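Here is the structure we will look at, set down as structure tokens.
The values are calculated or read from the model by the stated rules, or taken from the named source; none is laboratory data. Predicted, not measured: the structure shown is a model, and the values here were computed from it. Backbone-built Cβ (ideal geometry, glycine too); neighbour counts: all protein chains shown. Calculation scope for accessible area: heavy atoms of the full protein, side chains included, ligands and nucleic acids excluded. Shrake-Rupley method; radii C 1.70, N 1.55, O 1.52, S 1.80 Å.
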Amino acid sequence: KLKLTSNKDYTAGYRGDGSNLREWVNHILVQDVDIEPGQAGSQLIYVTAAAREPYLAAAIANAISTIYLAEEQQRISGPASERAKRYAAELVELKNKVRLAQDQVTAFRQRTGVSDSPNGNNDIQTTLLASLEARLQEAQNARRLAEVSAATDPRFNTGAAVSATVQALKTQIDLETAQLAQLRATLGPRHPKVLELESQIAANRRNLAAEDQHLSAGAGATLAAARALEAKLQAAVVAQRKKVLGISQLQDEGTKYMLELESAQNVYKRALDGYDQIMFASDSHMANVSIVSRAVPPQLASKPNKIKLVILGAFAGLFFGVLGPLAYELLVNRRIRCRDDFERDFQVPVLMEFDTLPAAGSAA
């Protein structure tokens, strides 16, 4: 922009073919530019430029500020900002998904009356179903025994065998039959005692038959009761299985809604955590960057400082003209130049001193 590649002050000393002239000028320019942030947390940035001409120094500082401002504005409306906008839109969509999943869970709880996961209720119903199935098994076994008992001859019925009345009648009939046999052996068939005993035996047999019939009727009633109980338990088991199945279906449906809600919440949380980084990256370049004041050509040169250079030159001349030779003679080139040096260094008195010997050429 400033055409510094054509300025002799920046191209002096360049010996290339021109392919890297911009890098040469850039290297020199960087040495003449100083950019510092403001002190004590200030948001100001100070740009200082140096050049041989005052107007060029001001132009360099102003050009750096202008280009920086333009690049910042381009970054604000560039890819980082677009990415932040897209990310914000996706974040709103994820938030809506979380809200929709939460509404589904709420509607499910209102529809089913389940305020929490139905796992505990399902365990209770499953235990009740197992208990009903066990009772049904017992009722089926009792029904089978009743069927066997009802199908068996009353004389060989287990209930008849343990009945006191039947046992007493059978015992009475056996005794009376034995007595009848004894009487028939001594008395005639028409004897009153024989007839009386036969009448008693017939009466006891009728009583035994009535008792057997009563026992058979009882076995039938027991069988009917066993069957009725089995039917009731069977219906209860079927109803309980349907209830357990319904609770399991509700549990699966509720679990599905809860998983969808948790998944949506986790995705939204991760996206929300990443949103801070995206916004930080997009806002890393401030949108309110502006130039507070532009550089003006200075009236006086800030360097070189001639007074400082004169003082520095005086001190350098004093050092190199006086102190330097003195230090050289005292510390480096320590020669004996006269009689005093000899007596002082060797502590020996000088008895005679000769003039300078003539050179060999002059003597000849």
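In sequence order, what are the phi-derived ³J(HN,Hα) couplings for the range 52-66 according to the Karplus relation 6.51 cos²θ - 1.76 cosθ + 1.60 with θ = phi - 60°, rounded to whole Hz, with x for glycine and proline?
Computed from phi, the couplings for the range 52-66 are 6, 9, x, 5, 5, 4, 5, 5, 5, 4, 5, 5, 4, 5, 5 Hz.
Compute the length gained on full extension between Val348 and Lys8: take 0.36 nm times their separation in residues and subtract their Cα-Cα distance, giving the result in nm to one decimal.
Result for the pair: 115.4 nm of gain on full extension.
Name the long-range amide H neighbours of Asn7: under 5 Å, sequence gap of 5 or more, or other chain; modelled H, no Pro or chain starts.
Long-range HN contacts for Asn7: none found.
Give me the accessible area of Lys85, 1.4 Å probe, in Å² rounded to the nearest 10.
130 Å²
Over 16 Å apart: what share of the alpha carbon pairs of the range 309-364 falls there, rounded to a whole percent?
That tail contains 66 percent of the Cα-Cα pairs.
At a probe radius of 1.4 Å, what is the per-residue accessible area of Tyr10, in Å² to the nearest 10?
10 Å²
If the limit is 22 Å between Cα atoms, which of Lys3/Lys303; Lys95/Lys256; Lys85/Lys269 go over it?
Those over the limit are Lys3/Lys303.
Considering only protein heavy atoms, with the full assembly of protein chains and a 1.4 angstrom probe, order Lys1, Lys306 by accessible area, largest first.
Lys1, Lys306
Largest first, how would Met352, Met258 line up by accessible area (1.4 Å probe)?
Met352, Met258
Report Ser199's accessible area, 1.4 Å probe, all protein chains in place, as a number in Å² to the nearest 10.
Solvent-accessible area, nearest 10 Å²: 70 Å².
Could you order Glu230, Glu343 by accessible surface area, starting with the largest, using a probe radius of 1.4 Å?
The most accessible residue leads, giving Glu343, Glu230.
According to a simple spin-label model (label point 7 Å from Cα along Cα-to-Cβ), what is the distance in nm between Val33 and Arg99?
Rounded to a tenth, the inter-label distance reads 4.9 nm.
What FRET efficiency would be calculated for the residue pair Ala130, Glu198, taking the C-beta separation as r and a Förster radius of 45 Å, to the nearest 0.05?
Efficiency computed from Cβ-Cβ geometry: 0.15.
Can you run the Rg to Rh ratio on the range 23-112? Use alpha carbon positions and the Kirkwood inverse-distance Rh.
1.44
Can you tell me the FRET efficiency between Leu357 and Tyr328 if r is taken as the Cβ-Cβ distance and R0 is 41 Å, rounded to the nearest 0.05?
0.90
Contour minus end-to-end for Ala236 and Asn141, with contour as 0.36 nm per residue of separation and end-to-end as the Cα-Cα distance?
Going from the current span to full extension adds 32.5 nm.
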